[in-house]
Amino acid sequence: MGEILNVSGLVTKLRNGARIVDDISFSIRAGETYALLGESGCGKSMTALSLLRLLPDGVVHAGGEAQLDGVELFNLREREMRDVRGGTAAMIFQEPGLSLNPVMTVGEQIAEVLELHQDMGGAAVLQRCVELLVQVGIPDAARRVTEYPMQLSGGMKQRVMIAMALAGQPKLLIADEPTTALDVTIQAQVLQLLRDTQNETGMSLLLITHDLGVVAEMAHQVGVMYAGQIVEQSSRSQLLAKPLHPYTQKLFAALPSAARIGQPLAAIPGSVPPLGSITQGCRFAARCDKAWALCNEQAPQWTVVGEGQGVRCHLYSELAAGSLLSVAKSENLQGESDAASVGYPPQVSSYQLLQVENLRVHFPIRKGILQRVIGQVKAVDGVSLEIPQGRTLSLVGESGCGKTTLGKALLQLITSVADSMRFAGQDLIGANVRGQRAAMQMVFQDPYASLNPKMRVAEILEEGMVALNIENNSAERQAHIDRLLGQVGLARNSKWRYPHEFSGGQRQRIAIARALAVSPQLLICDEPTSALDVSVQAQILNLLKSLQQELNLSYLFITHNLAVVEYLAHEVCVMYLGRIVERGTAEEVLRSPKHPYTQALLSAVPRIDGKGVERIRLEGDMPSPANPPPGCYFAPRCAHAMDICRASYPPATKTTATHIVHCHLHGDGLH
Amino acid sequence: MSFMPVMLWSDVLVFLLLAAGIASAWYVRQREHLLLPWRRVAESATAMVSLLVVSLFLLVGLLDTLHYRVALPEKNGGVTVFSPEVLSVFDKLVTTLRTQTEKTYSAPLAVTLYAKESITDAQGRVLRDYPRLRYGGAHLTAAQQQDSDVLWRGLTGVLGGLLVGGLFVGVVGWAKRSLPKRGNGGHSCPPYTWRAVIIATLIIAALIGMTVNLAAAYHVLGTDKVGQDVLYLSLKSIRTGLIIGTVTTLVTLPLALLLGIAAGYLRGWVDDVIQYIYTVLSSIPSVLLIAAAVLMMQVTIDTHPQWFETSASRADLRLVFLCLILGVTSWTGLCRLLRGETLKLRELEYIQAAQSFGVSTLRILTRHIVPNVMHIVLISLVMDFSGLVLAEAVLSYVGVGVDPSMISFGTMINAARLEMGRDPMVWWALASAFGFMLVLVLSANLFADAVRDAFDPRLNCTEVVA
């Protein structure tokens, strides 16, 4: 098969001369998926935008060639280029909510592409729009065509985006993090759709992602990008079996999983250097533990290692005589660490720090002039949970299932109702809230929004102590702040800086230090790593783990990332539409899930080991908590739904002493 | 004593503002991290040049704020009697401009009046010609010498101004170099900032020198209907404009800031009440509201003449009340902006983090919300400044503005209404008011912009922690 896209020596510069895409060469064959893998700030998106000549102001194409279907892209005039965009090459973006025009119907937006690139008109356009929507799996397409984007869910919007991209019958589809903003189950649907479409139309796919799981599932060829360069290129199987570049190896090692429980993750120190901050030598040298003098002096050349496999590293160039040796050594290390994994740590008997029974958070829906309450959004609907001292309870679920609301309700940031709520033996209901503030703290999702940009680090850390009268005077507080910064691994002189001077990972460390400042016993972590890169995520997870051992902290870990759950959690609760559907120890829930929803959730996670897990596809989206379906909330999406499921909500069923599931499938035998 | 200092109400407010400004500058000076953004301001050429211009305006305004009454030569039974006329230090400095009034209109730098009149010459014949001015170009024997005289005086003035300006720059530069560097020593303005400031200083010095030299013999910007020097009127208007711009802010700011962030943060009934208040207030035509309030105040003032010793204090009180009324009616826009911004901020996670520490509401408002809306406050206040100066002009036009005896841009623009309709047109009064206002508002805007940029931490990554 011929090559659809052939890029050689692509260079993109900022106006000040910094090279943000530096000498990138790759090619994509027809019907193939090429994945650009890398952390944020590596220049992946800039590469794609360079190819479509859609670079933002201040960024210019500075060299290199790209042939798309035999046409040299950089020689085209702007008018001809417009035919390419959306015609030969189409692009879909990360945030489906922002890529559709909210004041045009879905049909109008697709029709625009058809009229431009397919010379269609009249009734044929509408018919083709419906066909396209059917093709991307949108039910009731004839009606959806006349709807506005706000009437669609996130997964539907991304499908519409794909339909728009397909409308021009492109030979190359560029997908820039197409599933990053979506839930795992929706992500699985969209990835499946992309694969199916590719099989049908034979188009090529340039997939930009930071997720190794997505790469393992989708790609034929992979290019690993770091700081504007492709540092390694190989086929998927080769990459997964034997990553060559130290960066790729580290990326794999930094992934949390059950196999690594009880040992720190191999975090890459530091973070990706800002684009264009070119230094002499290898760009990864500063973070690489295999670097030697040469790496800092001379930039490594592209070295072809095997067929279709190349790497940019001194370890593999002819200059390094002992290359094989070091590869062997690194594999050895890998082996050792595998051997060291001991599975789940033994159960430690400890008392229940937090016990909550039947917690409910209902938001009233008001309507009309008199603001009468016409309904309730049951964001959290009767949740009971216990968190033992020094343990981690993980709360898993898709977005919108009420995880974060539950966390905030526990902190009393949102008013809630509960039958009982006991913390360390004390009743929280009706108690003085302020007195309990110090005992529970929260680490938020977005480290960029959780620190006040106008306050310095010391002031941020001091605030809680002042509010809760911890430490008597300013000098003691300052000493405490120094200790805290040491605990979370920040330099002491960072005290007097503003948050914007820190990277995402460092900011999350500050946020953790802020929570620790008041010596809490329970830390509620609301997706603390979802905004961070894989390598930085590993740093933060290591930190949380060591803090737990050091301070005997309990965590309520709210996340949608099941790999993190496997690594960190002792117990797991799975939430669906405001209710807990399954709970048990991590091993029970993740190894032998009982609830169909948990099973679907687990199977939807892309695995890097590439093992063919039988996929359970969930249809549709989560229903609205304002209007939950009758009976079991999951019944409309469940493959095993029975008549009783649509009639009554299943009661709790104990399958083992610790494992509880709400499902009629398991109810009969044991009750 | 040959004079008695007079403290008018607006003077008190100006001095309070000044004291607050000096106190906060002193406070900031003691704290390195608060000083840092101001250092960045000092590094911006635009900021420093506009600051130079603004401070010249402020200087004129301040000099015009030091009021006094001179003692009359006659004594009344041994008690010194003071003149009923309230003068300011600025008036004293420009006595010639103030006192040398012509009969009526004359063009800038003219030696004759603007309109022909019947003149009886020495022989008793009646001619129709442009009569010579009493003061403008009075030293010239023939009107034909005017061009060369203006050129000569202008040039010498420019040279003199440059000399003084150069001397000033030299002294400041020498003082800066000879003084030992304080603090961490690593900080100094980049050279291009200094170059810009020096050039601006020299240009301004040359302009002032030229004006001063010409004003000694001519009416540089012409005269108005009653023969008053327009340059004098424009300079006197600066104080009125500054007071309307700043004292009104004193009223608007607390109202808008307090109500805006309270509505946005507390929500619930507080939000409802505040929203209803400002929606109602902003749906009443503001001119109507202001006119009603001003007319009521005017009646009160007119029926109580015994409250005021001098006409100046009466005019002044009217100005202060005008500021109050303008302030009470114009806070709604800023309040609405701040409410919206606070609604956005209160959902941010650092606010929730503070709530989970049990930080008090007042502290959250002052530590977290206020600093993060300050950029909006700063920009909209400076933008409002020009709007307020213009509002004063509009109100004076309707007849509810400042006291007719008070000189302001508004009264000047109002007078220009008739002057523009004349044939030939009298353009210089309007042009001067326009020019002075433009320079004042533009430099204030530029300065505020630079300050906002310097205070935005996202634009100022000083050093990235490794």
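Just tell me which aspartates and glutamates come within less than 17 Å, Cα to Cα, of B:K236; anything on the same chain fewer than 8 places away is out.
Those aspartates and glutamates meeting the cut-off are B:D11, B:D64, B:E85, B:D91, B:D224, B:D316, B:E392, B:D403.
Residues with beta-carbon under 10 Å from that of B:R98, excluding B:R98: net charge, scoring Lys, Arg +1 and Asp, Glu -1?
0
For chain B, which longest stretch is free of loop sites, where a loop site is one of the GluC sites (Glu not before Pro) that DSSP puts outside H, G, I, E and B and that has at most 16 other Cβ atoms within 10 Å?
Between exposed loop sites, the widest span is B:86-308.
Given q = 0.11 Å⁻¹, what are the Debye log10 I(q)/I(0) values for chain B, with equal point scatterers placed on the Cα positions and solvent ignored?
-1.09
Taking the Cβ of B:D64 as the center, what net charge do the other residues with Cβ under 13 Å away carry, scoring Lys and Arg +1 and Asp and Glu -1? Please list the in-between numbers first.
Numbers: positive: B:K92, B:R98, B:K236, B:R239; negative: B:D11, B:D91, B:D316.
Cβ neighbours under 13 Å give a net charge of +1.
What does the net charge come to around A:L14 if you take all other residues with beta carbon closer than 12 Å to its beta carbon, with K and R at +1 and D and E at -1? Working shown, then result.
Details: positive: A:K13, A:R15, A:R19; negative: A:D22, A:D57.
Spelling it out: positives minus negatives among the neighbours equals +1.
Straight-line reach from A:K250: which lysines fall under 27 Å, measuring Cα to Cα and dropping same-chain residues less than 8 apart?
Here the lysines satisfying the reach criterion relative to A:K250 are A:K44, A:K242, A:K290, A:K329, A:K545, A:K611.
Using +1 on the beta carbon of Lys and Arg, -1 on that of Asp and Glu, and nothing else charged, what's the dipole of chain A about the Cα centre, debye to 20?
Its charge dipole is roughly 1340 debye.
Counting C-alpha atoms alone, how compact is the protein assembly as shown: give Rg to one decimal and Dmax as a whole number, in angstrom.
Radius of gyration, then largest Cα-Cα span, for the protein assembly as shown: 37.8, 135 Å.
What lysines sit close enough to B:K103 to cross-link, taking a C-alpha to C-alpha distance under 19 Å and skipping anything fewer than 8 places away on the same chain?
B:K116, B:K225
Choose one of A:A531, A:N199, A:H480: the residue whose Cα lies farthest towards the positive end of the charge dipole of the protein assembly as shown (beta-carbon charges +1 Lys, Arg; -1 Asp, Glu; about the Cα centre).
Farthest towards the positive end: A:H480.
Among A:H570, A:T656, A:S554, pick out the residue whose Cα is farthest towards the positive end of the charge dipole of the stretch A:533-671, where Lys and Arg carry +1 and Asp and Glu carry -1 on C-beta, about the Cα centre.
Ranked along the dipole, the leading option is A:T656.
Mean residue ellipticity at 222 nm from the helices of chain A, using -39,500 (n - 2.57) per DSSP H segment of n ≥ 4 over the full residue count, to the nearest 500 deg cm²/dmol?
That comes out to -9500 deg cm²/dmol.
Once you charge only the Cβ atoms, +1 for Lys and Arg and -1 for Asp and Glu, what is the size of the charge dipole of chain B about its Cα centre, to the nearest 20 debye?
Magnitude of the dipole: close to 860 debye.
Where the centroid of each part is defined by its Cα atoms, how far is the stretch B:286-332 from the stretch A:379-430 in Å?
For the stretch B:286-332 versus the stretch A:379-430, the Cα centre distance is 59 Å.
Which value, in Å³ per residue, describes the convex hull spanned by the Cα atoms of chain A?
For chain A, the hull spanned by Cα atoms encloses 190 Å³ per residue.
May I ask you to list the trypsin sites (Lys or Arg not before Pro) in the stretch B:69-148 that are in a DSSP loop and have at most 16 other Cβ atoms within 10 Å of their Cβ?
B:K103, B:K116, B:R125, B:R134
Would you work out which of B:A262, B:L295, B:S386 lies farthest towards the positive end of the dipole of the stretch B:234-388, given +1 charges on the beta-carbon of Lys and Arg and -1 on that of Asp and Glu, about the Cα centre?
Result: B:S386.
Ignoring everything except DSSP H segments at least 4 long, calculate the 222 nm mean residue ellipticity for chain B; use -39,500 (n - 2.57) per segment, divide by total residues, nearest 500.
Calculated from helices alone, the mean residue ellipticity at 222 nm is -22500 deg cm²/dmol.
Send over the Kirkwood Rh of the stretch A:3-239, from the inverse of the averaged 1/r over different Cα pairs, rounded to one decimal Å.
After inverting the mean inverse Cα-Cα distance, the result is 18.1 Å.
Roughly how many debye, to the nearest 20, is the charge dipole of the protein assembly as shown about its Cα centre, given +1 on each Lys and Arg Cβ, -1 on each Asp and Glu Cβ, and no other charges?
That gives a dipole near 2160 debye.
Summarise the long-distance tail of P(r) for the stretch B:332-466 by giving the % of C-alpha pairs beyond 17 Å.
Cα-Cα pairs of the stretch B:332-466 separated by over 17 Å account for 72 percent.
Per residue, how big is the convex hull of the stretch A:389-448 when only Cα atoms are used? Give it in Å³.
That works out to 130 Å³ per residue.
Report, to the nearest 10°, how far helix B:45-63 tilts away from the longest principal axis of the Cα atoms in chain B, using its own Cα long axis and a range of 0 to 90°.
60
Computed from the coordinates by the stated procedures, all read-outs in this text should not be read as laboratory data. Worth saying up front: this structure is predicted, and the values here are computed from it rather than measured. Reconstructed Cβ throughout: ideal geometry from the backbone, glycine too, with neighbour counts over all protein chains shown.
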